[in-house]
Amino acid sequence: MDGFSYKQGVLHAEGVNLDSLAEKLGTPLFVYSLSTLASHLQNMRDAFLLIDPLICFSVKSCSNLNILKFLVEHGAGLDVVSGGEIYRALLAGARPETIVFAGVGKSAEEIKYALEAGVYQFNVESEGELARIDAIAGQCGCRARVSIRINPDVADRDTPQKTSTGGRQTKFGIPVTRSARLYAEGLYGNVDVFGIHAHIGSPIHDSASYLACIDVIETLLDEVEQAGGTVDTINIGGGFPAIYEASHSNSISLQEMGSVISHRLKRLKARGLRFVIEPGRSISANAGVLLTGVEYIKDGWDRQIVIVDAGMNILLRPTLYGAHHAMWPIRYGDFNGHWTHATNPSQPRPEGALSPVDVVGPICETGDFLALSRPLPTLSEHDTLAVFSAGAYAMSMASQYNSKVRPAEVVVMGEHYQVVRQRERYEDLVARELDDIETVKSDAKSLKLVK
């Protein structure tokens with residue numbers, strides 16, 4: 001459960017009144033509950049207690065430096081996919097030996113940076129990448145610790161196509177049938193291939209998909225050991241689910257999923273193997289909400305269109321993935337209770353029936369929407385909507401498209417809040433361009449333009 005509930009008709013983040021916060025700081029606005037982040041990290045630890053894994057939070061899911069620092073201080077390692085994320089991880093105080101470096105297209109510059117930083121392991125996605133790491137490690141005079149990311153040809157049927165990564169049609173990993181030979185001793189001079197990594201997508205709603213992947217991992221492990229190779233670490237990735245709508249609260253719990261997976265891995269632990277997991281949304285998604293203000297309401301051909309100040313530039317998931325995010329006005333009668341109860345379609349509605357509306361943003365794209373034909377209470381201009389489960393793959397995917405500034409981010413703890421990212425200004429949109437504008441202007445007459 002998370003820290004977002006209605007009290008006397010007003011949505012609160014822990015003890016902070018979000019109506020008052022939106023009025024003070026403006027919208028769009030991301031708000032995160034620190035208590036929820038801490039409890040979700042502990043829930044992850046409890047769920048996988050049997051195998052005691054290194055828990056590396058996925059930085060790409062929620063990359064605010066202050067949130068990363070908070071999670072690191074509460075014992076999390078970090079899963080990074082770029083040089084920029086390594087930089088964030090180190091600034092957040094993560095110890096290099098708790099950082100894993102994934103990503104299908106690591107540049108030579110990023111590999112060198114990771115080696116110099118001393119990250120715990122590279123999750124290698126191709127034979128070419130393995131050769132590149134070997135060469136750069138030799139130039140740096142160091143050794144690289146590597147896990148081979150296998151493509152197990154395992155996909156969860158309920159995972160969106162664009163975030164399913166374990167099937168043979170995806171770009172991720174090395175086909176498992178070609179992986180065993182990469183563990184041969186002495187194959188690389190500056191690389192120690194010691195781990196098996198698999199990440200089959202996100203979110204994964206059925207533990208059976210993990211079990212199928214573990215079957216593939218165990219078969220590969222046996223093949224490697226029979227050939228004289230050594231594996232000491234298994235990384236099963238992430239993808240553990242979050243609650244995006246009221247109906248999800250009845251799905252398999254993290255505790256159940258973790259228990260099933262851990263019991264399956266118990267015999268591998270008995271063989272002396274260590275484990276790594278890379279959760280993201282299961283820790284941060286339900287720890288954040290997006291507050292967005294209603295600018296206009298107009299009548300379309302078939303239903304009302306509610307135009308809000310946050311669009312696909314702020315929350316891309318609905319238009320990119322077809323993702324569903326529950327949303328509700330932050331003022332709702334005198335309702336008391338958790339947001340999943342307020343948004344549950346089966347709840348009685350003493351305030352009146354819900355009406356289907358399109359909730360769209362200000363961006364000049366037909367695909368700029370947060371919800372289509374969504375049943376909501378009657379809304380008015382200047383109301384504020386809360387978009388729930390916006391703590392993962394939201395602000396970290398936000399852009400300045402249409403020269404829109406990105407919003408502020410706020411964390412709350414109890415009755416207190418702190419701004420941890422300032423809202424951008426127009427000056428921020430062009431700050432990296434102004435240094436060269438005079439040069440371009442002075443050289444304009446000498447430019448040779450081709451028609």
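Bear in mind these aren't lab numbers, they're just calculated from the coordinates by the rules spelled out. Just so it is clear, the model here is predicted, and its values are computed rather than measured. Here Cβ is always computed from backbone atoms with ideal geometry, including for glycine, and neighbour counts include all displayed protein chains.
Between Leu37, His74, Ala92, the Cα set farthest toward the positive side of the dipole of the stretch 1-101 (charges on each charged residue's Cβ, about the Cα centre) is that of Ala92. Here the calculated FRET efficiency for Gln139 and Asn66, from their Cβ-Cβ distance with R0 = 25 Å, stands at 0.10, rounded to the nearest 0.05. A simple spin-label model places the labels of Asp46 and Glu295 4.3 nm from each other, with each point 7 Å out along Cα-to-Cβ. The residue list Val360, Thr340, Tyr417 was ranked by how far each Cα lies along the charge dipole of the chain toward its positive end, using unit charges on Cβ atoms, and Val360 comes out on top.
Phi angles across the stretch 73-88 convert, under the Karplus curve 6.51 cos²θ - 1.76 cosθ + 1.60 with θ = phi - 60°, into 3J(HN,Hα) values of 5, 9, x, 7, x, 9, 9, 10, 10, 7, x, x, 6, 4, 4, 4 Hz, Gly and Pro given as x. Relative contact order for the chain: 21 percent, from Cα pairs under 8 Å spaced at least 6 residues apart, divided by residue count.
On the principal axes of its alpha carbon atoms, the stretch 34-279 extends 52, 40, 34 Å, with the longest extent given first. Compactness of the chain, taken as the C-alpha radius of gyration over 2.2 N^0.38 Å, stands at 1.06. Entry note, the chain: the mean residue ellipticity at 222 nm calculated from DSSP H runs of n ≥ 4, each adding -39500 (n - 2.57), is -8000 deg cm²/dmol after division by the residues and rounding to the nearest 500.
Helix 254-269 and the longest principal axis of the Cα set of the chain meet at an angle near 0°. Hey, could you get me the Stokes-Einstein D for the stretch 282-391, Kirkwood radius over alpha-carbon pairs, 25 °C and 0.890 mPa s, rounded to whole µm² s⁻¹? Taking Rh from Cα pairs, D becomes 171 µm²/s.
Tell me the relative contact order for the stretch 34-279 as a rounded percent, counting alpha carbon contacts under 8 Å between residues six or more apart.
Computed value for the stretch 34-279: 21 percent relative contact order.
Compared with the dominant principal axis of the Cα atoms in the chain, helix 108-117 is inclined by about 80°. Given +1 at the Cβ of Lys and Arg, -1 at the Cβ of Asp and Glu and no other charges, the dipole of the chain around its Cα centre is 500 debye to the nearest 20.
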